[in-house]
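Below is one structure, written out as structure tokens, with a few remarks after it.
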Amino acid sequence: MAMPSLAPAAPRTILRRLPLKLLVGALLLLIIVVIAAAAPSIVPYRFDEMSILHRLKPPNARNWLGTDEFGRDVLSRTLMGARLSLLMGFCATALSLLIGVPLGLVAGYRQGKVDEVIMRASDVLLAFPPIMLGLLLLAVTPPSIWKLIVAVGIVYVPGTVRLTRSVTLDLGGEEFVQAARARGEGTGYLLFAEILPNAWPAIMVEASLRITFAILLAAALSFIGLGAQPPSSDWGLMISEARPLLDRAPWVALAPGIAMGLTVIAVNLLGDGLREVLDPRTQGRGA
């Protein structure tokens with residue numbers, strides 16, 4: 001009787017097992033990231049180059065997406081804006097993970113008074129709507145991109161803390177953690193070598209979805225003047241500048257709006273696909 005082959009599955013077979021939304025989201029996000037990275041080399045004009053002779057021109061052979069009220073090329077500004085929007089979304093999410101994950105691990109593992117202090121502080125931040133908390137953090141200092149990143153990152157720390165704490169509570173009673181504790185391993189080892197590696201799937205799925213919230217919140221704060229400042233090409237700022245022109249030059253707001261929408265769709269598809277792959281509660285559904 002022939003033994004079954006133990007050769008690894010072909011890449012094509014592995015791709016077939018992945019959710020379609022994961023593949024589509026990853027491909028779309030990869031395209032957006034590559035465009036953002038290559039933007040300085042592929043834009044037809046400088047994003048801040050003005051031309052009084054080409055103000056509010058509709059899409060044409062010279063300016064494929066038209067121009068704004070200062071004669072700046074909308075395509076160039078939209079492509080360069082991808083760099084800012086992705087930078088703010090990814091950096092803000094990374095900051096929330098850097099702060100929230102250790103706090104959540106400590107709260108879930110130590111419990112008691114430490115847990116109470118951390119969770120009550122998180123509850124205070126959660127009591128404010130994200131846009132309001134962002135306004136409070138930014139209103140007292142002059143606006144800048146890096147302050148916006150810090151503010152958005154802090155806004156999403158409480159959610160990261162609560163998720164990490166929940167996963168830590170579930171993993172704290174597992175046999176591998178009890179075995180490490182019985183060996184006399186220290187708290188740091190238990191948290192970062194035993195619990196954290198097993199908590200990463202849930203944390204990364206949540207983080208992938210938080211990126212979309214961070215991009216949208218950063219755009220909203222730039223829209224009201226508390227983020228990127230002119231002549232930056234941030235998508236939120238571009239839409240804000242286009243408000244008085246919607247009846248005469250809708251293309252000025254349409255281009256960054258579509259770009260932001262595609263980015264949010266890509267990240268959401270990627271996050272939903274990761275959830276199906278990494279979350280054991282969703283595996284096997286639809287079989």
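Side notes on the structure shown:
Table: residues versus (1) open to solvent by less than 10 Å² (accessible area, probe 1.4 Å); (2) within 30 Å of Val106 (Cα to Cα); (3) in contact with an Asp or Glu (Cβ under 9 Å, 6 or more places away or on another chain).
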| site | (1), (2), (3) |
| --- | --- |
| Leu190 | yes, yes, no |
| Leu245 | yes, no, yes |
| Asp272 | no, yes, no |
| Leu278 | no, yes, no |
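Let's see how each residue does on (1) free of Cβ contacts under 8 Å to residues at least 40 places away in the same chain; (2) at negative phi; (3) of a type in the set (Asp, Glu):
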residue: Ile42; (1), (2), (3): yes, yes, no
residue: Arg46; (1), (2), (3): yes, yes, no
residue: Asn60; (1), (2), (3): yes, yes, no
residue: Gly71; (1), (2), (3): yes, no, no
residue: Val74; (1), (2), (3): no, yes, no
residue: Arg77; (1), (2), (3): no, yes, no
residue: Arg83; (1), (2), (3): no, yes, no
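- Of the residues in region 214-222, not one is over 20 Å from the mean Cα position of the chain (by Cα) and in contact (Cβ under 8 Å) with a residue 60 or more places away in the chain.
- Residue list for region 203-222, restricted to those being open to solvent by 40 Å² or more (accessible area, probe 1.4 Å) and at pLDDT below 85: Glu206
- Criterion: among the hydrophobic types (A, V, I, L, M, F, W, C), touching a residue at least 40 places away in the same chain (Cβ under 8 Å) and under 19 Å from Ala199 (Cα atoms) - qualifying residue of Leu138, Leu105: Leu105
- Taken together, the residues in region 225-260 that are farther than 22 Å from Ile32 by Cβ, among the hydrophobic types (A, V, I, L, M, F, W, C) and free of Cβ contacts under 8 Å to residues at least 60 places away in the same chain amount to 1.
- Looking only at region 1-40, and only at residues there that are closer than 23 Å to Phe90 by Cβ and not in a helix (DSSP H, G or I), the one that is modelled with the highest pLDDT: Pro19
- Applying the set (1) within 22 Å of Gly186 (Cβ to Cβ); (2) small (Gly, Ala, Ser); (3) open to solvent by 10 Å² or more (accessible area, probe 1.4 Å) to Ala107 leaves exactly one unmet item: (3).
The values are calculated or read from the model by the stated rules, or taken from the named source; none is laboratory data. Treat the numbers as computed from the prediction; the structure is a model and nothing was measured. Glycine also receives a Cβ, built like all others from the backbone with ideal geometry; neighbour counts cover every protein chain displayed. When the accessible area is computed, the model is the full protein with side chains, heavy atoms only, and any ligands, DNA or RNA have been set aside. Shrake-Rupley method; radii C 1.70, N 1.55, O 1.52, S 1.80 Å.
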